[in-house]
Amino acid sequence: MLRGMARKTRIAIVGAGNLGAALAVSLHAAGYVIDAIISRAGGKSRARAVALGRRLGVPVLGDLSGSRANVVWFCVPDSAIGAVARATSQAFEWKGKVALHSSGTLTSDELGSLRRRGAKVASVHPLMTFVRGSRPDLNGVSFAIEGDTLAVRAARGIVKGLGGHSYAIRKKDKAAYHAWGTFASPLVTALLATTERVAVAAGAKPTEVAQRMMPILRQTLANYEKVGAAAGFSGPIVRGDVETVRRHLRSLRRVPAAREVYVALASAALQYLPTKDRRSLKRLLDSSRD
């Protein structure tokens, strides 16, 4: 950290969306001083910022001019990070301060305008999902960090205070890293949404699908955590049961989008997971694309 920062870290959160709110709550609970929530005037985002500020007992400001923060954490959409940073570059004394953003794909260079004003900058991305109505615990969460040495050191200290784990990432790897995160959560959600359509095609009531699926979903994740993907893989593909897979594909003609997902995931299983009669399964899956 910068000189003295370990003893008196004051953090300003720019943006009060799902990520910004979750960070602010976790930082506050971990004993960090939230100097201010920064949010532009008007609109739903300001209302969310006011509610968050009231909950934490911290001021909500329209810009950084009234802030005494020594760490500023930008929690705005990726497309806005550069513009918001440039807009604040003249309204705040950046020399000796740390500026962070939490984009999974963009590098610390997105805060270059603040670096030129004397700030040390880093990107700090938690491998976690943030949605409205849910505030995940950041204890145990992995944070990928890259940037200026002093900013990285400060970020690592903050992440440790949150109970998280810090990992270095190269700038050139950030897009692949974010794709990994997308597979781990948003695309899993897309798979669950697809699974719901198949359940309805099988005669399940839409209102019952989630409840009926939860036991097998929980056990699948528990198996993955305990024994890994290969040992936790079950079903007709691992057994090389070509006829069952053929019946699946036939039935899924009623749900074409789900059929495409099935073929893609089954093909991935043939590449990455243990299976029997791999050659016959591959021929069946290839022919299903015709």
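The values are calculated or read from the model by the stated rules, or taken from the named source; none is laboratory data. From a predicted model like this one, the values you see are computed outputs, not experimental measurements. In this analysis, Cβ positions are derived from the backbone assuming ideal geometry, glycine residues included, and neighbour counts consider all displayed protein chains.
Key figures for this structure:
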quantity	calculated
Condition broken by Lys8, with the remaining ones in (1) touching a Leu at 6+ places or on another chain (Cβ under 8 Å); (2) part of a loop (DSSP other than H, G, I, E, B) satisfied	(1)
Evaluation of Gln90 against (1) more than 29 Å from Arg55 (Cα to Cα); (2) among the polar types (S, T, N, Q); (3) part of a helix (DSSP H, G or I) (one fails), failing number	(3)
Conditions (1) within 16 Å of the chain's Cα centre (by Cα); (2) assigned to a helix (DSSP H, G or I); (3) acidic (Asp, Glu): number failed by Glu110	(1)
Boolean, Ser288 is modelled with pLDDT under 95, of a type outside the set (D, E, K, R) and out of contact with any Lys or Arg (no Cβ under 6 Å at 6 or more places or on another chain)	yes
Residue match in region 260-275 (condition: modelled with pLDDT of 95 or more, among the aromatic types (Phe, Trp, Tyr), out of contact with any helix residue (DSSP H, G or I) (no Cβ under 8 Å at 6 or more places or on another chain) and not in a loop (DSSP other than H, G, I, E, B))	no
Residues that are among the small types (Gly, Ala, Ser) and in contact with a strand residue (DSSP E or B) (Cβ under 6 Å, 6 or more places away or on another chain), drawn from region 40-66	Ala49, Gly53
Total residues in region 200-237, condition within 23 Å of Asp277 (Cα to Cα) and among the β-branched types (Val, Ile, Thr)	1
Condition check for Gly96: assigned by TED's automatic domain parsing to the domain that holds Ala24 and under 20 Å from the mean Cα position of the chain (by Cα)	no
Yes/no for Ala230 being assigned to a loop (DSSP other than H, G, I, E, B) and either at pLDDT 95 or above or over 28 Å from the mean Cα position of the chain (by Cα) (or both)	no
Residue within region 126-145 that is polar (S, T, N, Q), surrounded by 13 or more Cβ atoms within 10 Å (Cβ to Cβ) and without any contact (Cβ under 8 Å) to a residue 40 or more places away in the chain present	yes
Leading residue by the ranking (nearest to Ala87 (Cα to Cα)) among those in region 3-32 that are more than 24 Å from the chain's Cα centre (by Cα) and surrounded by fewer than 21 Cβ atoms within 10 Å (Cβ to Cβ)	Arg10
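Rundown of residues vs (1) assigned by TED's automatic domain parsing to the domain that holds Arg247; (2) crowded, with 17+ Cβ neighbours inside 10 Å; (3) aliphatic (A, V, I, L, M), yes/no style:
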residue: Gly147; (1), (2), (3): no, yes, no
residue: His165; (1), (2), (3): no, no, no
residue: Ala179; (1), (2), (3): no, no, yes
residue: Leu191; (1), (2), (3): yes, no, yes
residue: Thr194; (1), (2), (3): yes, yes, no
residue: Ala202; (1), (2), (3): yes, no, yes
residue: Glu208; (1), (2), (3): yes, no, no
residue: Pro215; (1), (2), (3): yes, no, no
